[in-house]
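Asks: Below is a structure I'd like to ask you about.
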Amino acid sequence: QVQLVESGGGLVQAGGSLRLSCAASGRTSSRYAMGWFRQAPGKEREFVGAITSSGNSYYADPIKGRFTISRDNAKNTVYLQMNVLKPEDTAVYYCAADLFGGGSRINHDYEYWGQGTQVTVSS
């Protein structure tokens, strides 16, 4: 079992920044790829980005250049640095662990999920 807990969400004005954290516990491993997803009200959960076990990251097109994913394996924590936030970034943000793959864009490929943290961007 892997437990994931997100933190760092909140209310921010457009153009501002937030850093989300995802702390893992239980059967943790630096070999796991980790992903970030988000879900806005009335919309499906969508891929934000992922980081491989070796630290390579990639992102969905709408957030390229604004968001950065990093990981600290010693702390079993993954981060999502969000800059130049826009109102359309408002959503619940989830981290997820991909135990067997390299960090997929598909939510069904992830075995464990956090409970989510709310990010609200005001205009």
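The values are calculated or read from the model by the stated rules, or taken from the named source; none is laboratory data. Here the structure is a predicted model, which means the values were calculated and not measured. Positions of Cβ are backbone-derived with ideal geometry, glycine not excepted, and every protein chain shown enters the neighbour counts. Side chains are part of the model used for accessible areas, which takes the heavy atoms of the whole protein and leaves out ligands, DNA and RNA. Shrake-Rupley method; radii C 1.70, N 1.55, O 1.52, S 1.80 Å.
Asks: Inside the range 85-123, can you point out the residues that are touching a Ser or Thr at 6+ places or on another chain (Cβ under 8 Å), over 19 Å from Tyr58 (Cβ atoms) and not polar (S, T, N, Q)?
Replies: Leu85, Pro87, Val92, Val119, Val121
Asks: Still on this structure, please answer the following. If I filter the range 38-56 for residues that are surrounded by fewer than 21 Cβ atoms within 10 Å (Cβ to Cβ), within 18 Å of Ser17 (Cβ to Cβ) and hydroxyl-bearing (Ser, Thr, Tyr), do I get at least one hit?
Replies: no
For (1) under 14 Å from Arg31 (Cα atoms); (2) among the basic types (Lys, Arg); (3) modelled with pLDDT of 95 or more, each residue gets a yes or a no:
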| position | (1), (2), (3) |
| --- | --- |
| Lys43 | no, yes, yes |
| Glu46 | no, no, yes |
| Ile51 | yes, no, yes |
| Ile69 | no, no, yes |
| Ala74 | yes, no, no |
| Leu80 | no, no, yes |
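Asks: Considering the range 19-39 alone, what residues qualify as being within 14 Å of the chain's Cα centre (by Cα) and either more than 11 Å from Gly103 (Cβ to Cβ) or without any contact (Cβ under 8 Å) to a residue 60 or more places away in the chain (or both)?
Replies: Within the range 19-39, Arg19, Leu20, Ser21, Cys22, Ala23, Ala24, Phe37, Arg38, Gln39 qualify.
Asks: Would you mind listing the strands (runs of 3 or more DSSP E) fully within the range 60-123 where at least 1 residues are free of Cβ contacts under 8 Å to residues at least 24 places away in the same chain and open to solvent by 10 Å² or more (accessible area, probe 1.4 Å)?
Replies: In the range 60-123, the matching strands (runs of 3 or more DSSP E) lie at 67-72.
Asks: Looking only at the range 1-14, filter to residues that are open to solvent by 50 Å² or more (accessible area, probe 1.4 Å) and over 17 Å from Asn76 (Cβ atoms); which one of those is nearest to the chain's Cα centre (by Cα)?
Replies: Top of the filtered list is Leu11.
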